[in-house]
C-alpha cells in the first residue's frame, strides 16, 4: 500500500504541474487572457486529487465515480489555494472560462493518474508493477511534451497570419482571433499573398520541381536498388556500402563549387540546375532505402515468375514493384518533402522572382517592408500541402505493409 500511495502522490504532483503549465500557455494563446502560471498550486492540488482517486477505488467499483471524486477533490483544493482564481482567472469575473479551465485541469490531471494505475491494485504493487506504472507515466509525459512543442508554434504561426498589422503592434503576444470580422478580412493576408506577391506561381513551380524530382529519383533508384539487392556483379558490396557517403559532405560545402560550375555552364538562375542537384542528393538515400526493402522480398516469387516465362524486366514490373508499393510510396513522400522544403540551393541558384520556389518565395517576405502576418501566412502555405499529402499517403503505407507475404 505504501508503494502505491507514494507513487500516486508523485504522479499527482507531476501531472498537476505539467497540465497547469500546458493548459495555462494554451489558454493565454487561445483566449488572449492573462492565465498566470499557478503551477505550484496545481502541483499541490494534484497530490490530494490522486490520493482521493486511489482511495475511491476501494469505495466504489464504478470507474467514472472514482474519476469524479478525484476531480472534485483536486478542484476544491486548487480553488482554495488560488483564492477562487484557477490560473489567475477569477470565478466571479470570467465564470465560463475559469470553470472550463478548472474542469480541464482536473480532468487531465486525474485522468493521467487513472490511466497510469489502470487495472492495477495500487495496494499490492511490486517492483515490476511500479516500473510499469512509471513507464506509462513517462510515455504520457513524452507525448504531452512533444505535442506541445509541435502544436504551440504552429498555432502561433497560424493565428499570426490572421492578424492585422495594428493588432500585432498593439499586442504581439495576443494569439486570439476575432471571428466576427468576416472571412475576407480574416484571410486578407493569404489573399494579398496570391494577388500581390504571386504565391500561386511559387506553388506551381515548387510542385513541378518536387514532382519531377520524385520521378527522376525513382526512375534511377528503383532499377539501381534492384540491381544491388538481386544481381551479382564486381564491386556490388563496395558500391552498396558507399551509397550514403555523399551525406558525409555538408550541403554548404557543395553549394560553393556547384555555384561556380553552374554559373559557367549557364545553369544558375534556372530550374534545370535545381533538377540536377535535387535528384543527385536524393538518389543515394532512395537507393539505400529501397535496396533494403528489395532484399526482404522473397526471391522465390521472382524465381517462380521467371520459370513461368517472365523476363527480368517482366518480373520487376509484375512482381517486385507491386509488392514494393509501400516502400516506393514512402520513398516518394520522403523525396517530395526534401524537394518541397529545400532552401539552400534554391536561395543560392535562383535570382529571378519569376522562377522562385515556395521556400525561396517565403524568404523574400522576410523584410521590414512586408508585414509579419504575410510571412506567417507564407509559412502556413508551405507547411499545409506537405502535411495533407503525408496524411493522405499514410493510409496506403499502413494498409500495404502486409501485402506480398509468402503462403506456404
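Here are a few things to note about the model shown:
- Hey, residue 306 in a helix (DSSP H, G or I) and free of Cβ contacts under 8 Å to residues at least 12 places away in the same chain or not: yes
- Residue within the range 321-340 that is closer than 20 Å to residue 198 by Cβ, touching a helix residue (DSSP H, G or I) at 6+ places or on another chain (Cβ under 7 Å) and modelled with pLDDT of 90 or more present: yes
- Residue list for the range 147-173, filter: more than 24 Å from the chain's Cα centre (by Cα) and surrounded by 14 or more Cβ atoms within 10 Å (Cβ to Cβ): 163, 164, 167, 168
- Of all the numbered requirements in (1) crowded, with 19+ Cβ neighbours inside 10 Å; (2) under 30 Å from residue 273 (Cβ atoms); (3) modelled with pLDDT of 85 or more, residue 365 misses one, and that requirement is (3).
- Number of positions in the range 298-327 that are surrounded by fewer than 19 Cβ atoms within 10 Å (Cβ to Cβ) and either under 23 Å from residue 239 (Cβ atoms) or not assigned by TED's automatic domain parsing to the domain that holds residue 243 (or both): 4
- Hits in the range 160-176 (condition: outside any loop (DSSP other than H, G, I, E, B) and closer than 14 Å to residue 30 by Cβ): 160
- Test result for residue 295, assigned to a helix (DSSP H, G or I), under 20 Å from residue 217 (Cβ atoms) and without any contact (Cβ under 8 Å) to a residue 24 or more places away in the chain: no
- Enumeration of residues in the range 149-170 that are within 15 Å of residue 372 (Cβ to Cβ) and free of Cβ contacts under 8 Å to residues at least 24 places away in the same chain: 153, 166, 167, 169, 170
- For the residues 88, 70, the requirement of being at pLDDT 90 or above and closer than 22 Å to residue 19 by Cα singles out 70.
- Hey, residue 184 in contact with a helix residue (DSSP H, G or I) (Cβ under 7 Å, 6 or more places away or on another chain) and either not in a helix (DSSP H, G or I) or not assigned by TED's automatic domain parsing to the domain that holds residue 382 (or both) or not: no
The values are calculated or read from the model by the stated rules, or taken from the named source; none is laboratory data. Only a predicted model underlies this, so the values are computations on that prediction, with no experimental measurement involved. Please note: Cβ atoms are built from the backbone with ideal geometry, for glycine as well, and neighbour counts cover all protein chains shown.
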